[in-house]
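In what follows, a single structure is set out as structure tokens and then discussed.
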Amino acid sequence: MNKTFKASKKEKIKNFDPSGMGDLSQGIYGLPFSMDEARVAIVPYPWEVTVSSGGGTSKGPEAVLHASYQVDLFDPAVKDAWKIGIAMEDISPLIAKKSKELRLHADAYIKKLSKGEDLNSPKMKKSRDLINNESKKFKEVVKKISLGHLNEGRTVAHLGGDHSTPLGLMEALAEKFGNFGILQIDAHCDLREAYEGFEYSHASIMYNALKIKEVKKLVQVGVRDLCEEEFNLIKNSRERIETFYDRDMKHAEYAGKNWKEISKQIVSKLPKLVYLSFDIDGLDPKYCSSTGTPVPGGLEFEQALYLIETVVASGRKIISFDLNEVGPEDWDANVAARLLYRISNLSAKSNNLIDV
């Protein structure tokens, strides 16, 4: 249909019932907005090539989409949030197919590695090179798509897939905005260098992010599973990396410090422009039991959102964000769909994108 015959965004808002039943014929959350009308672009990536434990995150975007139609659109933290304009790109069958093909190679490689196969044998090197080369190509695809939306003035909400997927988006943000900081909510540090030989491993995303010179600060929250190599990297980072370990935060609360105080302390470490990287396993596993590498402990749902609200209240801008490692089970998707909506609204609020 020609655009001149399409209802304007304001007309759609006028005719839309935000208290009605989610319409499956409409976009994500049952919202009526096209991508041209969107202020927040959700871009799904069904990719999980280098996962080293439980799989299924490639099916996360589809599960979140289906769960979104059950989400009520009233958001107490953002007035008339549904009017912002949230739209989701189609899930790419080509990316899903490529991920599935490469995952077979990676799985065979990891099994051989676990049985003591020499990392540098010809067969292992061939498999590793294939996966690294294809993962690099995928990164460039993500960067190109991200820049397209950013140049159109949209905030990009990156929906994985495993946690390796947003590196291209981070590179796009560096090109678009210059210097920024990362707020990472995660059970893991993800600071391993080429984990299992995979340069673009989900366990290496923040190691790779720190190669981007525009990333001036990495603030990690909820970490409770790390190796000594990662611990030493943090310790020797000259405060470029600041990690708020789950154990330390809980001990502080047991001693009488409240979450408001802790949140303000975390946010004080961030620069003006913030990229939020949210691995769903940063939450307590009761919210994400089908994620690939759940770890006991973690944040409560509203606790995580309170921290993000504190970022916005401080005057900082959330220039983009990702949500990754969502398992395909209904409960996990239910949690993730609500998390995605609330963060989308808060990111729009931080950028003054509520203009209707």
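Observations on the model:
- Condition met for Ala38 (under 20 Å from Asn334 (Cα atoms), among the aliphatic types (A, V, I, L, M) and under 24 Å from the mean Cα position of the chain (by Cα)): no
- Of all residues in the range 259-281 being without any contact (Cβ under 8 Å) to a residue 60 or more places away in the chain and polar (S, T, N, Q), the one that is nearest to Gln303 (Cα to Cα): Ser263
- Scanning the range 164-199 for residues that are closer than 29 Å to Arg154 by Cα, assigned to a loop (DSSP other than H, G, I, E, B) and of a type in the set (D, E, K, R) yields Asp186, Asp190.
- Qualifying residue in the range 88-102 (condition: within 25 Å of Val274 (Cβ to Cβ) and either modelled with pLDDT of 95 or more or under 22 Å from the mean Cα position of the chain (by Cα) (or both)): yes
- Exactly one residue among Glu193, Glu214, Glu242, Glu228 is in contact with a Phe, Trp or Tyr (Cβ under 8 Å, 6 or more places away or on another chain), on the phi < 0 side of the Ramachandran plot and free of Cβ contacts under 8 Å to residues at least 40 places away in the same chain, and that residue is Glu193.
- Cβ pairs under 6 Å, 6+ apart, first in the range 304-315 and closer than 9 Å to Ser263 by Cα, second hydroxyl-bearing (Ser, Thr, Tyr) and not in a loop (DSSP other than H, G, I, E, B): Leu307/Ser263; Thr310/Ser263
- Pick from the range 282-294, criterion touching a residue at least 40 places away in the same chain (Cβ under 8 Å) and in a helix (DSSP H, G or I), ranking: surrounded by the fewest Cβ atoms within 10 Å (Cβ to Cβ): Tyr287
- Within the span defined as the range 39-51, every residue fails to be surrounded by fewer than 21 Cβ atoms within 10 Å (Cβ to Cβ) and among the acidic types (Asp, Glu).
- From the options Val141, Val78, Val156, residue that is in a loop (DSSP other than H, G, I, E, B) and either within 23 Å of the chain's Cα centre (by Cα) or more than 30 Å from Leu273 (Cα to Cα) (or both): Val78
- Residues that are farther than 18 Å from Leu270 by Cβ and not aliphatic (A, V, I, L, M), drawn from the range 214-235: Arg224, Asp225, Cys227, Glu228, Glu229, Glu230, Phe231, Asn232, Lys235
- Of residues in the range 150-204 being among the acidic types (Asp, Glu) and farther than 22 Å from Gly85 by Cα, the one surrounded by the most Cβ atoms within 10 Å (Cβ to Cβ): Asp162
- Residue list for the range 30-59, filter: within 30 Å of Glu11 (Cα to Cα) and of a type in the set (Lys, Arg): Arg39
- When each of Gly297, Gly327, Gly256 is tested for being without any contact (Cβ under 8 Å) to a residue 40 or more places away in the chain and part of a loop (DSSP other than H, G, I, E, B), the lone residue that passes is Gly256.
- Test: residue in the range 53-60 that is free of Cβ contacts under 8 Å to residues at least 12 places away in the same chain and out of contact with any helix residue (DSSP H, G or I) (no Cβ under 9 Å at 6 or more places or on another chain): no
- Of all residues in the range 43-62, those being touching an Asp or Glu at 6+ places or on another chain (Cβ under 8 Å), outside any helix (DSSP H, G or I) and at negative phi number 10.
- Residue match in the range 207-220 (condition: part of a helix (DSSP H, G or I) and of a type in the set (D, E, K, R)): no
The values are calculated or read from the model by the stated rules, or taken from the named source; none is laboratory data. A quick note: this is a predicted structure, and the numbers were derived from the prediction, not measured. Reconstructed Cβ throughout: ideal geometry from the backbone, glycine too, with neighbour counts over all protein chains shown.
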